[in-house]
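*Asks:* Just passing along the structure, written as structure tokens.
The values are calculated or read from the model by the stated rules, or taken from the named source; none is laboratory data. All figures in this text were calculated on a predicted structure; none of them were measured in a lab. Glycine also receives a Cβ, built like all others from the backbone with ideal geometry; neighbour counts cover every protein chain displayed.
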Amino acid sequence: MVDSHEQQGTGERVVPMRLQKFLARAGAASRRGSEDLMTAGRVAVNGETVSQLGSKVDPRVDVVTVDGKLVELHDGPTYLVLNKPAGYLTTMDDPQGRPTVADIMPREPAGLFPVGRLDMDTTGVLLFMTDGDLAFRVLHPKFHVEKRYVATVKGSPSTGDLESLANGIELEDGPTKPAEVRRVSSKQNSTVVEIVLSEGRKRQVKRMFLAIGHPVVTLHRASFGPVVLGDLPEGSTRPLTVQEIAAIRAQAGVGV
């Protein structure tokens, strides 16, 4: 960790950064989550565990790892995925003071925004980025970036009900596009159904199931294009991998 204000022998000014701020800006976790990583002894700087909040690093010279994995700042756009918990609005600010995803997201870089929305009670994959062009494209139905959901619905939809969803169903804003629909499991009073959409209208999954008489009880987005949660804990974020970014850019028709 750098303590002086100049790099030895260069005269270049060094701008140390609080370690938790560095971790948040690099997308390792939110600021609060980064503090938790530090106090849990999971963060190392130049091979030494650093648990004291307020410790500083110089991103240009210090090597920072979390659980042994290198964490770096990158130039250019930032791409993150959040495993969204229930109870948070998908907005970066709410005039009514309700909990928002901004409360559990890194505060930096500036300009980070959610790609699309998940309802307050919906969980799962929520993308964030600073790349406005890519965000527009992945949400545009022209590019058919698929989103996979797992819905628990009331009752037991018939095979005909699920086929109607798969073929496209009439909603108040027009017919839906064909979807992939699969019954996962059934209980006495509820059924788990997986549905894959290539469009993203407001509250679409809930409206589709309501239209066949089987309201959604819980809804989880399991994937967005090539991005899946893996073992990402609920309420946590991670940067998209180079492979995920390349794949989602390709699906959205953006040159890599």
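*Asks:* Which is surrounded by fewer than 18 Cβ atoms within 10 Å (Cβ to Cβ), among the acidic types (Asp, Glu) and touching a Pro at 6+ places or on another chain (Cβ under 9 Å), of 199, 163?
*Replies:* Residue meeting the stated conditions: 199.
*Asks:* Just to check your reading of the model, which residue among 97, 111 is without any contact (Cβ under 8 Å) to a residue 12 or more places away in the chain, assigned by TED's automatic domain parsing to the domain that holds residue 234 and either aliphatic (A, V, I, L, M) or surrounded by fewer than 16 Cβ atoms within 10 Å (Cβ to Cβ) (or both)?
*Replies:* 97
*Asks:* If residue 194 passes every condition in (1) closer than 27 Å to residue 90 by Cα; (2) at pLDDT below 95 but one, which one does it miss?
*Replies:* The number of the failed condition is (2).
*Asks:* Which pairs do you get when a residue that is over 21 Å from residue 139 (Cβ atoms), found in the range 224-243, comes within reach of a residue that is among the aromatic types (Phe, Trp, Tyr), reach meaning Cβ atoms under 9 angstrom, with the pair 6+ apart or on two chains?
*Replies:* 235/88
*Asks:* Ok, one more. Taking the condition in contact with an Asp or Glu (Cβ under 9 Å, 6 or more places away or on another chain), in contact (Cβ under 8 Å) with a residue 24 or more places away in the chain, outside any loop (DSSP other than H, G, I, E, B) and not hydrophobic (A, V, I, L, M, F, W, C), does residue 206 pass?
*Replies:* So residue 206 fits the description; yes.
*Asks:* Here is a follow-up. Please count how many residues of the range 71-120 are under 21 Å from residue 248 (Cα atoms), in contact with a strand residue (DSSP E or B) (Cβ under 6 Å, 6 or more places away or on another chain) and of a type in the set (Lys, Arg).
*Replies:* 1
*Asks:* Inspect all residues belonging to the range 78-86 and state whether any of them is of a type in the set (Gly, Ala, Ser) and not in a helix (DSSP H, G or I).
*Replies:* So far as the range 78-86 goes, yes, one or more of its residues are of a type in the set (Gly, Ala, Ser) and not in a helix (DSSP H, G or I).
*Asks:* Something else now. Search the range 175-192 for residues that are in the same structural domain as residue 154 (by TED's automatic domain parsing) and surrounded by 10 or more Cβ atoms within 10 Å (Cβ to Cβ) and pair each with any residue that is polar (S, T, N, Q) and assigned to a strand (DSSP E or B) when their beta-carbon atoms are under 7 Å apart and the residues are at least 6 apart or on different chains.
*Replies:* As it stands, the answer is 183/191; 190/152; 192/152; 192/185, since those pairs meet every condition given.
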